[in-house]
Structures are given as structure tokens and as C-alpha cells.
Amino acid sequence: MSASFKDLRVWQEAMRFTVEIYRATAQFPRHELYGLTNQLRRAAVSIPSNIAEGKGHRSDREFGNFLHHSRGSLLEVQTQLMIAKELQYISGEEAQRILASADAIGKSLNSLINSLRENAA
């Protein structure tokens, strides 16, 4: 039997990342609650959620599709973080730290996507 989504290192990283995003956005201006704050949180939640949902599907091909969605959400978060930094909602140091976490998750997602592709070949 294959491992649970909870056993995947990339899912665990994405969960920690999502908590980081929630903590960072808690400091955003109140007027952004339904704007950038909400956008960032929804995109961040989508990262581990898509990994989990994809893991629940029967085929590696379907799982790979969900991993691609997860990667898209990650790129969305990275873009929104850069916007937040430009608007000075977060410091440059905090943005760099969170973006470094995002890069690590992106590499993990790419590795998993590539391994699924190799297994299919």
C-alpha cells in the first residue's frame, strides 16, 4: 500500500509554509483583509491541499496533474509575496525568508513530478 499524503515530505513542507503565510499576513493592513491577505492565504492553502487531493487519486498521472496545480499555487504565492514586499506590508528580510521556503517547496514538487514522469516511462 502506498504511503499517505501526510508521509510526503513536500506536503509537510507545504503545511509549514501555509502557517508561515498565515502568520505573515496577520500583520497586513486591515483594508487588505479581502484583498491580498485573502488571496495569499487561499493560494497557500491550495498548495498542500492539491498534494493531498492528488495523492488520493488512483493513478500517478492524476497525481501529477494535482502536483502541477500545487506548483501553480506556489508561483501565485511567490508573486503575491513580492507585491506585498513592494507595498511594504512585509519586510525585505521576511519576504526573502518566505520566498526561500517557497523555492525549496518548488524544488521538491519538481522532483516528485519528475519521478512520477520517469515511473510512467
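Could you pull out every one of the lysines with an alpha carbon less than 21 Å from that of K55, ignoring same-chain neighbours closer than 8 positions?
Cross-link targets: K6, K107.
For H57 and A120, calculate 0.36 nm times their separation in residues minus their Cα-Cα distance, and state this gained length in nm to one decimal.
That works out to 21.1 nm of additional length.
What distance in nm lies between label points placed 7 Å from Cα along the C-beta direction at A104 and K6?
Simple spin-label model gives 2.2 nm for this pair.
Give me the three principal axis extents of segment 2-103 from the C-alpha atoms, as integers in angstrom, largest value leading.
44, 23, 17
Tabulate in residue order the Karplus-calculated ³J(HN,Hα) for segment 78-94, using 6.51 cos²θ - 1.76 cosθ + 1.60 with θ = phi - 60°, rounded to whole Hz; enter x for Gly and Pro.
Ordered by residue, 3J(HN,Hα) equals 4, 4, 5, 5, 5, 5, 4, 5, 4, 7, 6, 7, 9, 6, x, 5, 5 Hz.
Every number here is computed from the coordinates shown, using simple stated rules; none is lab data. All figures in this text were calculated on a predicted structure; none of them were measured in a lab. Note that we place each Cβ from the backbone using ideal geometry, even for glycine, and neighbour counts take in every protein chain shown.
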